[in-house]
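Read the structure below first, then the notes.
Throughout, read-outs are computed from the coordinates displayed, never taken from laboratory work. Keep in mind the model is a prediction, meaning the values are calculated, not measured. Cβ placement follows ideal geometry from the backbone for every residue including glycine, while neighbour counts extend to all protein chains displayed.
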């Protein structure tokens, strides 16, 4: 049970980090288009998992 909780908390942390990156316009625009796409894909994956 604690493993699942830990996995969920790690996933939520990653979701928050990626949302913060996306919402920080200055940092977001420093990424290449490919990096932005990869980040959004990773965000969607983590959102589905938690």
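Taking N as the number of residues in the chain, what is its alpha-carbon radius of gyration divided by 2.2 N^0.38 Å?
After normalising by residue count via 2.2 N^0.38 Å, the value is 1.27.
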Report task. Please determine, in degrees from 0 to 90 and to the nearest 10, the orientation of helix 33-49 with respect to the longest principal axis defined by the Cα atoms of the chain, where the helix direction is its Cα long axis. Result -> 20 degrees
Query raised in the report: What is the order of 16, 22, 33, fewest Cβ neighbours within 10 Å to most?
Result: 33, 16, 22
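Could you work out [θ]222 nm for the chain from helices alone, using -39500 (n - 2.57) per DSSP H run of at least four and dividing by all its residues? Round to the nearest 500 deg cm²/dmol.
Result for the chain, helices only: -29500 deg cm²/dmol.
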Requested in this report: Please determine, in degrees from 0 to 90 and to the nearest 10, the orientation of helix 2-23 with respect to the longest principal axis defined by the Cα atoms of the chain, where the helix direction is its Cα long axis.
Outcome: 10 degrees
